[in-house]
Each structure stands twice: as C-alpha cells, then as structure tokens.
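Here is the structure we will look at, set down as structure tokens.
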Amino acid sequence: MPTIYERLTAFNKNRLPDMVKLKYKDMSSNVFYFYRGTCHLFYEDLAGSSPLPPSPLTWICGDLHLENFGCFKGDDHQEYFDLNDFDEALLAPAAWEIARMATSIFIAFNSMGLEEAETLKIARMYLNSYSATLANGKAISIDPRTAGGIVQTFLTTVEKRKQKELLKKRTRVKKGKLIFLADNNRHFDIDKPLKKALGDFINETMPNSKYASFDFKVQDSIFRLAGTGSVGVKRYMFLLKSMNTKNKYLLLDMKQTLASSLKPYVKFGQPQWGSEAERVIAVQERMQNVSPALLSPATFKDEPYVLKQMQPTEDKINFELLKDRYNEIDQVIRDMAVLTASAQLRSGGRQGSAIADELIAFGQSNLWQDALLNYALQYAGQVKNDYKEFMTGYKKGAF
C-alpha cells in the first residue's frame, strides 16, 4: 500500500509547486482541513473496498462536505444558500455523495469537541432529512424568504453587505487608480506580460459571451488562492470597471478546471463534454436552483477555466461559532440535507441520472442508512490516522 506521502505527491505533481506547498500548510491546520484537501483519497479508498449499499446514479458535486455549502448571489440578483463547489462533479451513485458528507460531519464535529454519540446523532439526522426530501420527490431551494434559523440570519446578514466593502478589503489606490492589494498570503502579483494577456482575454471574451451587454473593462488582475482541495490550480481575480457608470466596479473569478479526481474510480459512462469547464458548469446548472452570476466556461492558453462574478455575499457558515448551540446546528444540518436531496431530484433524468421515481424509492427505503453511517464513522477514524501520518512527514519537511 502506498504511503500518504506517495499518494499526495502523486496527485499534486501536475499542480503549481509553490502553491501546493501552501495547500499542504492549509491541510496541516487540523484534520478537517486535511479531509477537505484529500477528496481523491476518499474515493480511491471507497473504490478499493466497495462497502456501500447500492444506490441510484445521480449527478453529484463530488466533494460534498460542511464547508461546500454557502451563500452567493444568483444570476437573478437574489441571494441563495446552496451547494457551491462543483470542480469534481460527475455521474456516480448517490451514496458516494452522502458518505463523503457524513464523514465530514464526524470529522468536523469531533474536532470541535463533540462526543461520538452526539456526532452520530447529527449524521443520522442528516440522512433522515435527506431521505425524507427524496421520498417527497420535490426539490426545494433556500433563499431569505424560505430560510429558517441560523441560515435565515446568515442570508439576511450577508445580503446587506455591499460590493464596496469587498473592494475596500481587496484594493488600494495607486496614482488615482484602483488596483488590487497583494498580501502574498492568498493574493499574489502576476508579471506584466501575463497580466496583459489575461486582461485582453477577458475584455474580448465577456462581450462575446451570453452576457453580450457586458460593459466592463479589466483594470487589474491578481493570482488568487481559495479553498483547500483546489489550491495548486491556476486561479485569477479581475477588477473590472464600468465604461458607462462612474465608479462602478465588479470582481470576476477565473479558475482553471482539471479532470474530476473521481474519474479514475467511476466505472459508469459519462457524457462527452467539450471541456472540463463545460462539465463543471453543466452539472452545476442542473443541481442548483439558480447559479451564480456570470457563470460561464472559457479557454485561456489552451486550458479550460470557469468564470463567475465574485460577490460580497459569497460565504459559508462557521460551525465553530455554533458548537454549543445545538438547535441551530440541527437546523443547518437539516437544511444541508434538504439541499443535497433537492440537487439530486432537480438533476434527475439527465444523461443517465436516475429519474424521480427511483430517487423517491431510495428515499423511502430504510435498508441502506445504517451501512452508510457505519462506513462514514469507520472512515473518519482512518482519516485521523492518515492525518497523523501526514503530520509526521510534514513536521520533518517531507512536504
């Protein structure tokens, strides 16, 4: 069996070396961050043991965990709370998605100090709410009008944030011109030739996309780090200024898209996508009720990218702040379960995914939950052991 060092370095070998070092640093923070950064290990181990009960094929985001739900502004300018990371998305058994999420519940809440019995209760509640939503057969969305509990408070709070707050945090004025602030932590300067090439690309691409009325021009660009698992891919943020409205700006995110890390372990036929970016966007638009503003595929220097507008409302819930507020944790977990099931129902019957009747039957069955929970609990223990092995090597400078 290969070591954790061998498995991690093999997976990350084609990513940007300097950024991969920062990824390992993030992963060293705690066992949950390690889990976030090792989606590929989860599915490699899952495929090697085949421990889960049969389940319908569905579209899955592929890397579902507690921090891959968040708030964003949709193309309709409304705020939504939903699944929000689809880099690994493809067609796979529904149980795969649920097992990864359940494992994240065990890892995250255990690392916060909750006892195993309490984390098991939370994970079971997630499965029960997921099953009930599937059994009902109706997809549900969560926005400020329909949210409850802490999610409603969260959505209402972030809805009030303004673009200028995000600009103030990320920019500075130089010679009378607004430019990005490079902190050399999560934002890094890029050289002038690349900056020009990127600016020319966006200025040409956006007006010729489905957003034909786009009236912004690039004023600056910067290299950006975000998340954990995707650190090491090329990712840029653009500051654009309106040509028609004074002092109006927007921020655009452009993220390189690689093949799903699940792909080697999926034995089911997949559609032939035009690019990996088209895969990500197609599945995202199927699974979400409303997708983020300016979401579109692009190809820069023969590499696929996903473009989307950055919003001051794009955020996620910090469970550390809720660890003693059990009623609010319960409500958030139920909401996440409802959204997981709704995404599968919403995307049902598309290019090989199960139709609603199959998903309803799966939700009505009580024959699979215990086996899935047992696997997730056992695998959470394995992740802790893998993290210890990783930290031993990390402290010795192996990474």
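The values are calculated or read from the model by the stated rules, or taken from the named source; none is laboratory data. Note that this is a predicted model, so its numbers are computed, not measured. Counting neighbours? That spans all protein chains shown, and the Cβs are built from the backbone with ideal geometry, glycine included.
Residue by residue through the range 347-359, note down the ones that are part of a helix (DSSP H, G or I) and buried (at least 19 other Cβ atoms within 10 Å of the Cβ).
Kept after step one, since they are part of a helix (DSSP H, G or I), are these residues of the range 347-359: 356-359.
Residue satisfying the conditions is L359 alone.
Give me the pairs: first residue in the range 137-159 and farther than 11 Å from V332 by Cα, second residue assigned to a loop (DSSP other than H, G, I, E, B) and at pLDDT 80 or above, beta-carbon distance under 6 Å, and six or more apart or on different chains, which are they?
Partner pairs satisfying both residue conditions: S141/N289; D143/Q78; L155/A147.
Identify the residue in the range 39-88 that is among the charged types (D, E, K, R) and assigned to a strand (DSSP E or B) and, among all such residues, is farthest from E285 (Cα to Cα).
Our first condition is that a residue be among the charged types (D, E, K, R); within the range 39-88, this holds for 44-45, 63, 67, 73, 75-76, 79, 82, 85, 87-88.
With the extra rule that they be assigned to a strand (DSSP E or B), the set shrinks to 73, 79, 82.
Working: K73: 14, E79: 16, D82: 12 Å.
The residue in question is E79.
Out of curiosity, is E97 among the acidic types (D, E), in a helix (DSSP H, G or I) and surrounded by 19 or more Cβ atoms within 10 Å (Cβ to Cβ)?
Values: among the acidic types (D, E): yes; in a helix (DSSP H, G or I): yes; surrounded by 19 or more Cβ atoms within 10 Å (Cβ to Cβ): yes.
Here the answer is yes, as E97 does meet what is asked.
Search the range 188-213 for residues that are farther than 15 Å from V306 by Cα and pair each with any residue that is at pLDDT 95 or above and surrounded by fewer than 17 Cβ atoms within 10 Å (Cβ to Cβ) when their beta-carbon atoms are under 8 Å apart and the residues are at least 6 apart or on different chains.
Hits for this filter: A197/K301.
So which residues in the range 245-266 are farther than 23 Å from D200 by Cβ, in contact (Cβ under 8 Å) with a residue 24 or more places away in the chain and hydrophobic (A, V, I, L, M, F, W, C), if there are any at all?
L258, L262, V266
Take F201 and decide whether it is surrounded by 12 or more Cβ atoms within 10 Å (Cβ to Cβ), at pLDDT 90 or above and touching an Asp or Glu at 6+ places or on another chain (Cβ under 7 Å).
Values: surrounded by 12 or more Cβ atoms within 10 Å (Cβ to Cβ): yes; at pLDDT 90 or above: yes; touching an Asp or Glu at 6+ places or on another chain (Cβ under 7 Å): no.
It is false that F201 is surrounded by 12 or more Cβ atoms within 10 Å (Cβ to Cβ), at pLDDT 90 or above and touching an Asp or Glu at 6+ places or on another chain (Cβ under 7 Å).
Which number in (1) surrounded by fewer than 20 Cβ atoms within 10 Å (Cβ to Cβ); (2) over 22 Å from T228 (Cα atoms); (3) of a type in the set (S, T, Y); (4) touching a residue at least 12 places away in the same chain (Cβ under 8 Å) marks the one condition that S55 misses?
Going through the list (1) surrounded by fewer than 20 Cβ atoms within 10 Å (Cβ to Cβ); (2) over 22 Å from T228 (Cα atoms); (3) of a type in the set (S, T, Y); (4) touching a residue at least 12 places away in the same chain (Cβ under 8 Å), S55 breaks only (1).
Looking at G232, G269, which is the one that is at positive phi, in contact (Cβ under 8 Å) with a residue 12 or more places away in the chain and not aromatic (F, W, Y)?
Sole residue among the options that is at positive phi, in contact (Cβ under 8 Å) with a residue 12 or more places away in the chain and not aromatic (F, W, Y): G232.
In this structure, does E165 turn out to be assigned to a helix (DSSP H, G or I) and at pLDDT below 85? Explain how you work it out, then say what you get.
Values: assigned to a helix (DSSP H, G or I): yes; at pLDDT below 85: yes.
Spelling it out, E165 is indeed assigned to a helix (DSSP H, G or I) and at pLDDT below 85.
Just to be sure I understand, how many residues within the range 231-261 are more than 24 Å from Q272 (Cβ to Cβ), under 22 Å from the mean Cα position of the chain (by Cα) and in a loop (DSSP other than H, G, I, E, B)?
Number satisfying all stated conditions: 2.
Is it the case that some residue within the range 29-37 is part of a loop (DSSP other than H, G, I, E, B), in contact (Cβ under 8 Å) with a residue 24 or more places away in the chain and surrounded by fewer than 24 Cβ atoms within 10 Å (Cβ to Cβ)?
yes
Looking at K192, K248, K241, K234, can you tell me which residue is over 27 Å from E88 (Cα atoms) and either of a type in the set (S, T, N, Q) or surrounded by 16 or more Cβ atoms within 10 Å (Cβ to Cβ) (or both)?
K241
Could you say which residue among A92, A135 is part of a helix (DSSP H, G or I) and out of contact with any Cys (no Cβ under 7 Å at 6 or more places or on another chain)?
On the way: A92 fails: part of a helix (DSSP H, G or I).
Exactly one of A92, A135 is part of a helix (DSSP H, G or I) and out of contact with any Cys (no Cβ under 7 Å at 6 or more places or on another chain), namely A135.
Just the residues that are of a type outside the set (A, V, I, L, M, F, W, C) and not in a loop (DSSP other than H, G, I, E, B), please, taken from the range 220-230.
Within the range 220-230, the first condition is being of a type outside the set (A, V, I, L, M, F, W, C), and the residues that meet it are 220-221, 224, 227-230.
Hits for the range 220-230 are D220, S221, R224.
Please determine whether any residue of the range 381-394 is part of a loop (DSSP other than H, G, I, E, B), more than 24 Å from the chain's Cα centre (by Cα) and not assigned by TED's automatic domain parsing to the domain that holds P271.
Checked the range 381-394: no residue is part of a loop (DSSP other than H, G, I, E, B), more than 24 Å from the chain's Cα centre (by Cα) and not assigned by TED's automatic domain parsing to the domain that holds P271.
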